[in-house]
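The values are calculated or read from the model by the stated rules, or taken from the named source; none is laboratory data. Owing to the predicted nature of the structure, the values given are computational and were not obtained by experimental measurement. Virtual Cβ from ideal backbone geometry, glycine too; neighbours counted across all protein chains shown. Heads up: the accessible areas ignore ligands, DNA and RNA and are worked out on the full protein's heavy atoms, side chains in. Shrake-Rupley method; radii C 1.70, N 1.55, O 1.52, S 1.80 Å.
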Amino acid sequence: MERYYQPEIECAPVEQLKAMQDERLVKQVKHVWDNVPYYRKKMEEKGVTPEDIKGTEDLHKLPFLTKDDLRLAYPYGLMGKPKEECVRIQSTSGTTGKRVVAFYTQHDIDLWEDCCARAIMAAGGTKEDVCQVSYGYGLFTGGPGLNGGSHKVGCLTVPTSSGNTERQIMFIKDLESTILCCTPSYAAYLGETMKEMGMTPDQIPLKAGIFGAEAWSEEMRQDIQNTLGIKAYDIYGLTELSGPGVSFECSEQSGMHINEDHFIAEIIDPNTGEVLPEGTKGELVFTSLTKEAFPLLRYRTRDICVLSRKKCSCGRTFIKMAKPMGRSDDMLIIRGVNVFPSQIEAVLLNAGYPANYQIIVDRVRNTDTFDVQVEMTPEMFTDNMGEIQKRQASLEAGLRSMLGISARVVLVAPKTIARSEGKAVRVIDKRKI
């Protein structure tokens, strides 16, 4: 049975959602124009005034915001409310070392927690559940967001934060945690550790997991589901927009519903900025409709994905976004070919390897080198060099057929690639480009 936190909004007719977005957008543009001089200047340069925005069909007239704007406006330049009305910041590392700092009024936090509560209930959560939040707390949005959402649903909340794996497992067992919230790479690590301790999926009390903050493939989802004996749900968000809960998966597990009462999503051509029709692959752009303290309009996420309004069996009418298929900025270009880490992950998992790998790219004598270090499972581990070379060759062939270029695969002993209790470091690019 599908559960909703706010069914009157989550299952509202599309026309009603559209009318709500139109009204909120007009109000938000006025708020930004009046209170955020940085964005007002961008609007003036583009020759747009609030009067030009009558509803969502005029959204394309507004200028974009990018990570560069956040850097230039740091720290207070994009604030929409005076400091004394703001109660919190959250922050994430920026692309060039300058941090992204986002501000929240109490109202902003309430709405953000509502979004996270919707995600928890979509994963089957109720007040009967014990929800273990193993995302980092502090400046990172993962912990605080899901913590607040869990409280709103009424779950018994276990704020373990990330790390200290032995304690995590002790709490899962002793407190009989039923919902786990963390990064997918950490969920895989917890599952792997429990397996080593001799725990089978039916001895693990967990029934659902809400995993986000990094890219993960369908193959990795199946892996986690089998090891932990759970249903694994995706969640998406950015600190710039609030944090996790911008969109979330339902029981169908076929893309994430965007909370359209709070965010408008567009897909654009990353090169031209032109808005693309629904169903076309492009860069995801978000406008926050209800944020007071940090109201970003047309923020370019750099995530590449597809939107779909196809009817969902869960009954929610919110548009769905596909799992991001890479990024328009951290995509690797190796010897002129676009390479996404998720493609490499798919090849490894399909061949029975764990999702513990590292891509190392360098440039030697003007030619890109492309190495993939892959961890073997304890069952595979052998010191028979002939066997290892055979396996490396087989993976190299798989990668060549997936990517169209050759990579050198190096199989390494189990547990030799540094484990991440936050986001996994998948790519080391040593090129000075």
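Figures for the structure shown
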{"item": "Point-charge dipole on Cβ atoms (K/R +1, D/E -1) for the chain, about Cα centre, debye to 20", "result": "980 debye"}
{"item": "Lysines whose Cα lies under 29 Å from that of Lys390, excluding same-chain neighbours fewer than 8 positions away", "result": "Lys195, Lys415, Lys430"}
{"item": "Evaluated over region 128-167, the Cα radius of gyration and Dmax, each in Å", "result": "9.9, 29"}
{"item": "Net +/- balance of residues flanking Val372 in space, Cβ distance below 9 Å, scoring K and R +1, D and E -1", "result": "-1"}
{"item": "Per-selection metrics, region 85-204 (Cα): Rg and Dmax in Å", "result": "15.6, 52"}
{"item": "Average Cα contact separation per residue, the chain, under 8 Å, 6 or more apart, as relative contact order %", "result": "14 percent"}
{"item": "Distance in nm between pseudo-label sites at Glu44 and Glu274 (7 Å out along the Cβ direction from Cα)", "result": "3.2 nm"}
{"item": "Proximal charge balance of Val26 [Cβ under 12 Å; K/R count +1, D/E count -1]", "result": "-2"}
{"item": "Whole-Å semi-axes of the ellipsoid equivalent to region 9-52 (Cα gyration tensor, √5λ, descending)", "result": "27, 10, 7"}
{"item": "Residues of type aspartates and glutamates that Lys207 reaches as a straight line, Cα spacing below 14 Å, ignoring anything fewer than 8 places off in the same chain", "result": "Glu128, Asp129, Glu176"}
{"item": "Along principal axes, Cα extents of region 277-433, largest first, whole Å", "result": "59, 42, 31"}
{"item": "Debye log10 I(q)/I(0) for region 126-277, one point scatterer per Cα, at q = 0.09, 0.10, 0.14 Å⁻¹", "result": "-0.30, -0.36, -0.68"}
{"item": "The chain: angle of helix 184-196 to the longest principal axis, Cα-based, in degrees nearest 10", "result": "30 degrees"}
{"item": "Relative compactness, region 45-132, computed as alpha-carbon Rg over 2.2 N^0.38 Å", "result": "1.46"}
{"item": "1.4 Å probe accessible area per residue over the chain, in Å²", "result": "43 Å²"}
{"item": "Structure-based [θ]222 nm, the chain - -39500 (n - 2.57) summed over DSSP H runs of at least 4, per residue, nearest 500", "result": "-9500 deg cm²/dmol"}
{"item": "Sulfur and carbon atoms: percent of accessible area, region 169-236 [1.4 Å]", "result": "51 percent"}
{"item": "For region 163-204, the fraction of alpha-carbon pairs in successive 10 Å shells from zero, as %", "result": "27, 68, 6"}
{"item": "Computed Rg/Rh of region 1-152, alpha carbon atoms with Kirkwood Rh", "result": "1.01"}
{"item": "Sulfur and carbon atoms: percent of accessible area, region 1-108 [1.4 Å]", "result": "53 percent"}
{"item": "Nearby lysines by direct alpha-carbon distance to Lys27 (threshold 22 angstrom, same-chain neighbours under 8 apart not counted)", "result": "Lys18, Lys41, Lys42, Lys46, Lys54, Lys61, Lys81, Lys83, Lys291"}
{"item": "Added length on full extension, which subtracts the Cα-Cα distance from 0.36 nm per residue, Asn384 to Gln253", "result": "43.1 nm"}
{"item": "Computed log₁₀ I(q)/I(0) - Debye formula, equal Cα scatterers, no solvent, region 288-363, q 0.12, 0.17, 0.19, 0.23 Å⁻¹", "result": "-0.59, -0.93, -1.00, -1.11"}
{"item": "Gaussian network model of the chain, springs between alpha carbon atoms under 10 Å - residue of Gln203, Gln225, Gln358 with greatest fluctuation", "result": "Gln203"}
{"item": "Share of alpha-carbon pairs per 10 Å distance bin for the chain, given as whole %", "result": "4, 21, 30, 26, 15, 4, 1, 0"}
{"item": "Degrees between helix 165-174 axis and first principal axis of the chain (Cα, 0 to 90, nearest 10)", "result": "80 degrees"}
{"item": "Alpha-carbon centroid distance for the pair region 44-61 / region 106-174, whole angstrom", "result": "38 Å"}
{"item": "Whole-percent carbon and sulfur share, accessible surface of region 346-397, 1.4 Å", "result": "46 percent"}
{"item": "Region 144-256, relative contact order [Cα under 8 Å, separation at least 6], %", "result": "21 percent"}
